[in-house]
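> One structure is given below, represented as C-alpha cells, and several questions about it will come after.
The values are calculated or read from the model by the stated rules, or taken from the named source; none is laboratory data. Just so it is clear, the structure is predicted and the values come from calculations on it, not from any experiment. All Cβ positions, glycine included, derive from the backbone under ideal geometry; neighbour counts span all protein chains shown. Keep in mind that these areas ignore ligands, DNA and RNA; they rest on the heavy atoms of the full protein, side chains included. Shrake-Rupley method; radii C 1.70, N 1.55, O 1.52, S 1.80 Å.
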Amino acid sequence: MDLSVVGSQLLVGLSRAMILFIVSAGLSFVLGVLRVPNIFHGSLYMIGAFSAFSIATWLGGQSTGLWLAMLAAPVVAVAIGMIVERALLAHLYRREHLMLILFTWGVMLILNDLVKLAWGPTYRSIMPPAALQGSASLLGIALPRYNLFLLLIGPLVAVGLWLFTQRTRIGKIARAAAVDQEMVAILGINVSRVLAVAFLVGCYLAGLGGALVAPTTSITLGMDHSIIVDAFLIVTIGGLGNIWGALVGALVFGVTQSLGLLVWPQFAVVFPYLTVVIVLLLRPRGLLRSVW
Amino acid sequence: MKRMKGLALMVLVVGLSVAFAAQAPATTLGTAPTSLLAQAPRLERNIKVGIVDTYSGPAAVFGTDALNGFKLALAEINKEGVLGAKIDFVTRDERFSPEIGLSMARELILQEKVDVVVGTINSATALAISSYVKDQKVPFVVWISKSEKITGAKGHRYVFSTGENTAMAGRAIAEAMARRPYVKYWLAADDYEYGHEITNSFWKFMKRAKPEVTLAGQTWWRPGEPDLVPYLTAIMGAKPDVVFFGTGGASMANVLKAVKTTGMSERIPAAIHTAIDHAVLKPLGVGAPEGVVGTIDYLWYYPDTPANRAFAKAFQDAYGGPPGFPAFHGYNTAYFIAQAFKKARSLEREKFIDALEGLSINTPVGQVEMRACDHQAVLPLFLGVTKRTPQYDFLVATSITTLRGEEVMPSCDDIKKARGQ
C-alpha cells in the first residue's frame, strides 16, 4: 500500500477527530462540572449547523458571510442552551441522573421539532469559505484544505479550554465545583452562576462543532443523533468529565475509523466501536482519569 | 317514518344507478360524455386512503414531497369527484422505522378502516407492511421506496409500486456505464436495504452488459454517516477507474459534497442513481460536483412538454418549489387510485385491484401503465450528467437520454421466476 495514502488517511482521520473532540469536550465539561449527562448537546450541535447555514445565506453566501457564520452560529446554540439552563435545568441539578437523562432527552425531542419548524424537513448545505475550498498538498499528500483548517482549529480549541480551566478564576472555580460543589458554596461563591458559565462553555462547543461540520456535510434533521452517540462513546472511553480524555477518545475514534477503511473497507463502520469495546474491557473507567 | 322514506329513496337511487350502469357502454369513464357520468354508479361513501411515511428525521424531505404531490392531485380529483365521492386521507409518521410503520399500517387498517394503504420511503417498512396487507387482503401502493423485492421476489396480489425500483435503475445505469471505457469499478454504498439492493442490481447488470469489468473493492458506511471524506480518500488511494455509489436521500448530499471537497470529481468519475435529482442538487447549489452520471425517473425540466410544465408550475405555485421524483410518484398514485375506483365502480378491494392491474393513466411524462403481471408502474428513466449552467445557481442534468420502462424492467417471466412460481 502506498505510504502517501496511509498518510492522507491519517490526516483526514485526525481532522475528523477534531470536530468529534470539540463536541465531546463540551459534553465532557458539562458532565464533569455539572454532573449532567446532556443528551440535547447533539441538538445544539445541529442548531449550530443550521444557524451557520442561515447566517451565511442571510449574509449573501460569500466568503465573509461564511466566516462570520462560523463565528456567530455557536452564539445561537449558546442562547438556546442558556434559556433551557436558566429556565429549567438550573432547578434540577440536584436530581438523580436518571431524572436528568430523561429531562435532557425530552429537551432534545423538543429542540428537534423546533428545528423542523424553523428550517423545515429539507436538508441544507453550505460551502467552505473560498480560501478553504479544494485540496492542498502537504508533504506530498493531497488533503482537502478544509480538513487542514480543522487540524489547526482543534488544537486551538484545546489550548483555549486549557487556558480557561487553568488560568481564569471562573475556570478554576468550575474545576473546584466539579470536585465538591458544597465546599465551593461554603466559600461564599455563587455556585449557580459558575454552573451556568460551565454550561455556556459546553453549549458553545456544541454549536462550534456544528458550525465547523456544516461545510463538510449536509445539514439535516437527525444529525444530532449520530453525533450524540459518538460523543458519549468518546467521553466514556476518554474518562468521564475529563476534557483531555475527550481529546484522546476523539483521536482514537477518528483515526481507527479512517485507517480501518484502508484495512477492511466493507466493515470499516465497526472499527471505532470495536475500539470502544476493547478500551472499556481493558480500562472500564476510561483511558484518562475520570472526575466522577 | 322519515327514516323509512329515506331508506326507500336510497334503494331507489341505488337500483336506478345499477340499472343505468348495466346499460352504459363499456368505455373508460374518463373519456365518457358527462351525461353518462351522471348515470354512473355512485360510491356510497368517500374513499379513504391511509398514508404511512416518514415525516420526521432526514428522510422527511421525501415523505413530504410525495405527500404534496398526492395532495395536489387530490385537489384536482376531488373537484370532479370519483363517482360522486371524494378521496380522503390520513397520514401517520413511521419515523423511518419498520416496527413503527407496521404498527401504524395495522392501526390504519383495523381502526381507521382505510380502503388503500400508501407509503413509504423506507424499503424495509414497505416490505413489512406488504407482508401484513397480504394477510389482511388490503391493497397497498408503495410510492417512494425502491427495493426491487417489493414487486419482484416478494410481490403479491395486494401490493403495487408507482415508483421505479432498483432492478430498473441498476440496469439503466449499468447499460449507460457499459458504453463508457471504465473497467476497474469500486462500489461504495449505504449499509441498508436500498444501498445493498441498488448496488447488487447495478453490479449484476454491469457484469452482464460488459463481462470484462472488475471489482477493485467495496466500501459500506452506515446510512447518514456525516463525514464521508475519509471513506472517499481511501477509495481514491486505490485508484479505481470509476466509483458506483449506492446511496440516496441525505447521504446522497454527503456523497456529492465529499466527491467535490476531496477533488474526486476531477480525478475519478462517479455514477449514482438519483444523483441528478433536483431535491439533491438544489440545496448543494454550486457546491455539487460536475460530471456525475445519474439516473432518475422524474425531472421537472425534462421532458419539456406542456403536461410536465403544467404539473411543475402547479406544484411550484402550491408549495413554493419544483416537484421532486417523490412528488411525481405521489401525484400519479392519487390518479392511479382514483381511476381504478372509477373503473371498478365499487369500493370493494378485490374489484379495485382487478381494475388497477394493467390500468394506464396520463402522467406529466406521458402514459404510464401499471403492469398487470407484477403491479409495477412502467416508468421511463432519464439518464443525465450533472453540469453547471449560467442560468441557474444549482447544477442540472444535461445530455439527457430516456430509457423506456419496458427496456429496463425485468420480464414477467423473470418476475415469476423470482417469486418461485
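> Got at least one residue in the range B:290-301 being crowded, with 22+ Cβ neighbours inside 10 Å, within 11 Å of chain A (Cβ to nearest Cβ) and not basic (K, R)?
no
> Follow-up question, since we're still on this one. Tell me, yes or no, whether the range B:250-262 has at least one residue that is of a type in the set (S, T, Y), under 23 Å from B:F62 (Cα atoms) and modelled with pLDDT of 90 or more.
no
> Quick one: in the range B:207-226, of everything that is more than 12 Å from every other protein chain (Cβ to nearest Cβ) and closer than 28 Å to A:G260 by Cα, which residue is most open to solvent (accessible area, probe 1.4 Å)?
B:T214
> Further question on the same structure: Only residues that are touching a residue at least 60 places away in the same chain (Cβ under 8 Å) and within 11 Å of chain A (Cβ to nearest Cβ): list them for the range B:257-282, please.
B:A279, B:L281, B:K282
> Tally time: how many residues in the range A:17-37 are open to solvent by 10 Å² or more (accessible area, probe 1.4 Å) and within 14 Å of chain B (Cβ to nearest Cβ)?
Residues meeting the conditions: 1.
> Kindly indicate whether B:E164 is assigned to a loop (DSSP other than H, G, I, E, B), open to solvent by 10 Å² or more (accessible area, probe 1.4 Å) and acidic (D, E).
no
> Pull out all pairs, ordered by first then second residue, where Cβ-Cβ is under 6 Å, the residues are six or more apart or on different chains, the first lies in the range A:106-131 and is facing chain B (nearest Cβ under 8 Å) and among the β-branched types (V, I, T), and the second is loosely packed, with under 15 Cβ neighbours inside 10 Å and not in a loop (DSSP other than H, G, I, E, B).
Close Cβ pairs (under 6 Å, with a partner that is loosely packed, with under 15 Cβ neighbours inside 10 Å and not in a loop (DSSP other than H, G, I, E, B)) do not exist here.
> Moving on to the next point. Taking B:K79 as the residue in question, decide whether it is within 23 Å of B:L347 (Cβ to Cβ), away from every other protein chain (no Cβ under 14 Å), among the basic types (K, R) and within 20 Å of the chain's Cα centre (by Cα).
Here the answer is no, as B:K79 does not meet what is asked.
> Cβ-Cβ under 6 Å, sequence separation 6+ or interchain: first residue in the range A:214-230 and at the interface with chain B (Cβ under 7 Å from one of its Cβ atoms) and within 15 Å of B:P283 (Cβ to Cβ), partner among the polar types (S, T, N, Q) and open to solvent by less than 20 Å² (accessible area, probe 1.4 Å). Which pairs?
Short answer, once both residue conditions are applied: A:T217/B:N254; A:S218/A:S125; A:S218/B:N254.
> Going residue by residue through the range A:187-206, is there one that turns out to be part of a loop (DSSP other than H, G, I, E, B) and either open to solvent by less than 20 Å² (accessible area, probe 1.4 Å) or within 14 Å of chain B (Cβ to nearest Cβ) (or both)?
No, the range A:187-206 contains no residue that is part of a loop (DSSP other than H, G, I, E, B) and either open to solvent by less than 20 Å² (accessible area, probe 1.4 Å) or within 14 Å of chain B (Cβ to nearest Cβ) (or both).
> I've got another one for you. Just checking, does the range A:235-255 include any residue being closer than 30 Å to B:V286 by Cα, in contact (Cβ under 8 Å) with a residue 24 or more places away in the chain and buried (at least 17 other Cβ atoms within 10 Å of the Cβ)?
Filtering the range A:235-255 down to residues closer than 30 Å to B:V286 by Cα leaves A:254.
When the remaining residues are screened for being in contact (Cβ under 8 Å) with a residue 24 or more places away in the chain, the result is A:254.
Restricting the remaining residues to those that are buried (at least 17 other Cβ atoms within 10 Å of the Cβ) gives A:254.
Scanning the range A:235-255 turns up at least one residue that is closer than 30 Å to B:V286 by Cα, in contact (Cβ under 8 Å) with a residue 24 or more places away in the chain and buried (at least 17 other Cβ atoms within 10 Å of the Cβ).
> Just for the range A:217-227: of the residues that are within 15 Å of the chain's Cα centre (by Cα) and surrounded by fewer than 24 Cβ atoms within 10 Å (Cβ to Cβ), which one is modelled with the highest pLDDT? If you could, list the steps in order and put the result at the bottom.
In the first step, residues of the range A:217-227 are kept if they are within 15 Å of the chain's Cα centre (by Cα); the result is A:223-227.
When the remaining residues are screened for being surrounded by fewer than 24 Cβ atoms within 10 Å (Cβ to Cβ), the result is A:225-226.
Values: A:H225: 88, A:S226: 85.
It comes out as A:H225.
> Picking from B:G50, B:G69, which residue would you name as being more than 14 Å from every other protein chain (Cβ to nearest Cβ), crowded, with 22+ Cβ neighbours inside 10 Å and closer than 23 Å to B:L110 by Cα?
Exactly one residue qualifies, and that residue is B:G50.
> In the range B:217-330, which helices (runs of 4 or more DSSP H) lie fully inside it and hold 1 or more residues that are under 20 Å from the mean Cα position of the chain (by Cα), among the small types (G, A, S) and more than 21 Å from B:I121 (Cβ to Cβ)?
Where helices (runs of 4 or more DSSP H) fall fully within the range B:217-330 and carry at least 1 residues being under 20 Å from the mean Cα position of the chain (by Cα), among the small types (G, A, S) and more than 21 Å from B:I121 (Cβ to Cβ), they are B:306-319.
> Of everything in the range B:374-409, what is crowded, with 16+ Cβ neighbours inside 10 Å and within 24 Å of B:A340 (Cα to Cα)? Give them in sequence order.
The answer is B:D374, B:H375, B:Q376, B:A377, B:V378, B:L379, B:P380, B:G405, B:M409.
> Same structure, new question: Give the residue that is nearest to B:R45 (Cα to Cα), with candidates limited to residues of the range B:343-359 that are surrounded by 15 or more Cβ atoms within 10 Å (Cβ to Cβ) and small (G, A, S).
If we take residues in the range B:343-359 being surrounded by 15 or more Cβ atoms within 10 Å (Cβ to Cβ) and small (G, A, S), then B:S346 is nearest to B:R45 (Cα to Cα).
> Right, something else. Out of the range A:240-257, which residues are farther than 19 Å from B:E225 by Cβ and either modelled with pLDDT under 90 or touching an Asp or Glu at 6+ places or on another chain (Cβ under 8 Å) (or both)?
Within the range A:240-257, A:L240, A:G241, A:N242, A:I243 qualify.
> Take A:L288 and tell me if it is open to solvent by 40 Å² or more (accessible area, probe 1.4 Å), modelled with pLDDT under 90, touching a helix residue (DSSP H, G or I) at 6+ places or on another chain (Cβ under 7 Å) and not in a helix (DSSP H, G or I). If you could, list the steps in order and put the result at the bottom.
Working: open to solvent by 40 Å² or more (accessible area, probe 1.4 Å): yes; modelled with pLDDT under 90: yes; touching a helix residue (DSSP H, G or I) at 6+ places or on another chain (Cβ under 7 Å): yes; not in a helix (DSSP H, G or I): yes.
Taking the combined requirement at face value, the residue satisfies it.
> Hey, another quick one. Specify which of the listed residues (A:G60, A:G42) is within 14 Å of another protein chain (Cβ to nearest Cβ), under 23 Å from A:P121 (Cα atoms) and free of Cβ contacts under 8 Å to residues at least 40 places away in the same chain.
A:G60
> Shifting gears a bit: Just wondering, is there one or more residues in the range B:186-195 that are in a helix (DSSP H, G or I), within 14 Å of chain A (Cβ to nearest Cβ) and under 26 Å from the mean Cα position of the chain (by Cα)?
yes
> Sort out for me the helices (runs of 4 or more DSSP H) sitting completely within the range A:80-183 that have 3 or more residues that are over 17 Å from A:R35 (Cα atoms) and open to solvent by 30 Å² or more (accessible area, probe 1.4 Å).
Helices (runs of 4 or more DSSP H) meeting the threshold: A:97-119, A:145-167.
> Regarding A:A268, is this residue at pLDDT below 90 and either crowded, with 23+ Cβ neighbours inside 10 Å or within 14 Å of chain B (Cβ to nearest Cβ) (or both)?
So A:A268 passes the test.
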